[in-house]
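To start, the structure itself, in structure tokens.
Each value in this text was obtained by applying a stated rule to the coordinates, not by laboratory testing. None of the values given here were measured: they were computed from a predicted structure. Reconstructed Cβ throughout: ideal geometry from the backbone, glycine too, with neighbour counts over all protein chains shown.
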Amino acid sequence: MVGTMHAWQAVERGHEVVQIEREAEARGASLRNFGQIWVSGRAGGEELETALRARELWEGIGERIPGLGFRANGSLTPLRGACELAVAEAAVARADSAARGHKLLTPGEARALNPALRGAFDAALYCERDAAVEPRTAQLALRAELSKSPNYTFLPGREVREVVGPGAVRDDHGDVHTADAVVLCTGAWLSGLVRELAGPELPVRRVRLQMMQTEPLGEPLTTSVADADSFRYYPAYASPALDELNARRPQAPTAAEHRMQLLMVQRADGGLTIGDTHEYEHPFAFDTLEDPYDHLAEVVESLLGRPLPRVRRRWAGVYAQCTDPGRVVHRRRVRDGVWLVTGPGGRGMTCSPAIAETTANELGW
Ligand SMILES: Cc1cc2nc3c(=O)[nH]c(=O)nc-3n(C[C@H](O)[C@H](O)[C@H](O)COP(=O)(O)OP(=O)(O)OC[C@H]3O[C@@H](n4cnc5c(N)ncnc54)[C@H](O)[C@@H]3O)c2cc1C
């Protein structure tokens, strides 16, 4: 998506673009994610500004391309007990809370927005700015629209292997592609070409997540849903109230072991995409573990007040994340006319249109 959004920006600005993809179709993080255009937990400042700008861009592109499945569904985080409520109150008291559309709701108000939340909870944090797209089809839909332009060419099944001169790369078919600018948006593939160009000290790490998707719920889940464990991972919730929550109500052992939170969004077919875990240590597991899925199913069932529909798909995905959490993305000129853009982390789907816009502005496209 990061690469495709760069192509979008360049074509919109009247340039010719050749997009080179190693696979026959993209198979990376951009298809494996929740499709959450997630504003709620972003750190104040540059990160929040990028997410808000990106959401605006997504909405505009979504109006042009219905296949993205953009919807301004908002999110709800149901809260239980005084400690969780205190973290949400601190979030609502932030100076940038209105920009996020944060609001504390009673259970009745939350259920008026999302009647599928029949489980017990005491209050809910609403984020009006959160939105969603369909990750399995968004990139395809965007590319289909790009392909209508005579200025856009997609070259699948070719790996960029080498920089052979200013703005010139060679692919694994031996063909050389020359341009005014080459932008390498290689996702979490940080070895090979990227290591050669950026050196071994690239300030980006890889993170692996487990996900699942159910059969259709049989009713609308009108908002995205998070659990209060998400407070422990998103920077916007850092506060004395969060320290108190962590001290007095530590995470369940499985959730702590796999650094989990619940995020859930309904797909266009009615199924639920549910996750996630976070694995940082290498080598990554090559299989998916059942304990985290059991934990997620339990949390979802307690919020929905009903059994989870049968799980239809399980998968894992890997994203690249800047090791400095203050950086939205790692964008660096690695050779004359060649830029590397990677490391947007767990917000890359959200921020991709704004990241591409910033690259375009900085490079004077
Ligand atoms: C499970 C999971 C859930 C997530 N949920 C969310 C979410 O809900 N919201 C959010 O904002 N973010 C989310 N993220 C993060 C987000 O998905 C990523 O940050 C984003 O998709 C990264 O996009 P990308 O284009 O950089 O990488 P990718 O989608 O991985 O794409 C990189 C592409 O580059 C190609 N490539 C690599 N090297 C070469 C080469 N040398 N030559 C040619 N092609 C090459 C690859 O084949 C691949 O298609 C999630 C990530 C995961 C894994």
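Structure above, values below:
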{"read-out": "Neighbours by Cβ (under 8 Å, 6+ apart or cross-chain): first from segment 339-365, without any contact (Cβ under 8 Å) to a residue 24 or more places away in the chain; second among the hydrophobic types (A, V, I, L, M, F, W, C) and more than 8 Å from the ligand (Cβ to nearest atom)", "value": "none"}
{"read-out": "Selection status of Arg64, under 30 Å from Gly157 (Cα atoms), over 20 Å from the mean Cα position of the chain (by Cα) and either more than 16 Å from the ligand (Cβ to nearest atom) or surrounded by fewer than 24 Cβ atoms within 10 Å (Cβ to Cβ) (or both)", "value": "yes"}
{"read-out": "Qualifying residue in segment 295-312 (condition: free of Cβ contacts under 8 Å to residues at least 24 places away in the same chain and out of contact with any helix residue (DSSP H, G or I) (no Cβ under 8 Å at 6 or more places or on another chain))", "value": "yes"}
{"read-out": "Residue in segment 191-201 that is free of Cβ contacts under 8 Å to residues at least 60 places away in the same chain, within 11 Å of the ligand (Cβ to nearest atom), farther than 27 Å from Ala88 by Cα and in a loop (DSSP other than H, G, I, E, B) present", "value": "yes"}
{"read-out": "Residue tally, condition basic (Lys, Arg), within 10 Å of the ligand (Cβ to nearest atom) and either part of a loop (DSSP other than H, G, I, E, B) or touching a helix residue (DSSP H, G or I) at 6+ places or on another chain (Cβ under 6 Å) (or both), over segment 12-41", "value": "2"}
{"read-out": "Residues being under 18 Å from the mean Cα position of the chain (by Cα), part of a strand (DSSP E or B) and either within 21 Å of Val11 (Cβ to Cβ) or not small (Gly, Ala, Ser) (or both) - total across segment 67-81", "value": "3"}
{"read-out": "Segment 39-61, subset closer than 19 Å to Met5 by Cβ and in contact with a Gly (Cβ under 9 Å, 6 or more places away or on another chain), residue surrounded by the most Cβ atoms within 10 Å (Cβ to Cβ)", "value": "Val39"}
{"read-out": "Conditions (1) within 14 Å of the ligand (Cβ to nearest atom); (2) farther than 30 Å from Glu244 by Cβ; (3) of a type in the set (Gly, Ala, Ser); number of the one not met by Ala226", "value": "(2)"}
{"read-out": "Subset of segment 90-145 [touching a residue at least 12 places away in the same chain (Cβ under 8 Å) and out of contact with any helix residue (DSSP H, G or I) (no Cβ under 9 Å at 6 or more places or on another chain)]", "value": "Val92, Ala95, Gly101, Thr106, Pro107, Glu109, Ala110, Leu113, Asn114, Pro115, Ala132"}
{"read-out": "Selection from segment 232-256 of residues that are under 20 Å from the mean Cα position of the chain (by Cα) and of a type in the set (Lys, Arg)", "value": "Arg232"}
{"read-out": "Index of the failed condition, Met260 passing every other in (1) farther than 22 Å from Gly119 by Cα; (2) touching a strand residue (DSSP E or B) at 6+ places or on another chain (Cβ under 9 Å)", "value": "(1)"}
{"read-out": "Segment 262-310, subset in a helix (DSSP H, G or I) and within 16 Å of the ligand (Cβ to nearest atom), residue surrounded by the fewest Cβ atoms within 10 Å (Cβ to Cβ)", "value": "Tyr293"}
{"read-out": "Given (1) of a type outside the set (Phe, Trp, Tyr); (2) surrounded by fewer than 17 Cβ atoms within 10 Å (Cβ to Cβ); (3) more than 11 Å from the ligand (Cβ to nearest atom); (4) assigned to a loop (DSSP other than H, G, I, E, B), number of the condition Arg129 does not satisfy", "value": "(2)"}
{"read-out": "Members of segment 214-245 that are of a type in the set (A, V, I, L, M, F, W, C) and assigned to a loop (DSSP other than H, G, I, E, B)", "value": "Leu217, Leu221, Ala238"}
{"read-out": "Lone unmet requirement of (1) more than 16 Å from the ligand (Cβ to nearest atom); (2) assigned to a strand (DSSP E or B) for Phe154", "value": "(1)"}
{"read-out": "Residue that is within 27 Å of Leu68 (Cβ to Cβ) and within 19 Å of the chain's Cα centre (by Cα), where the choices are Arg267, Arg259", "value": "Arg267"}
{"read-out": "Search result, residues across segment 328-348 that are more than 9 Å from the ligand (Cβ to nearest atom) and in a helix (DSSP H, G or I)", "value": "none"}
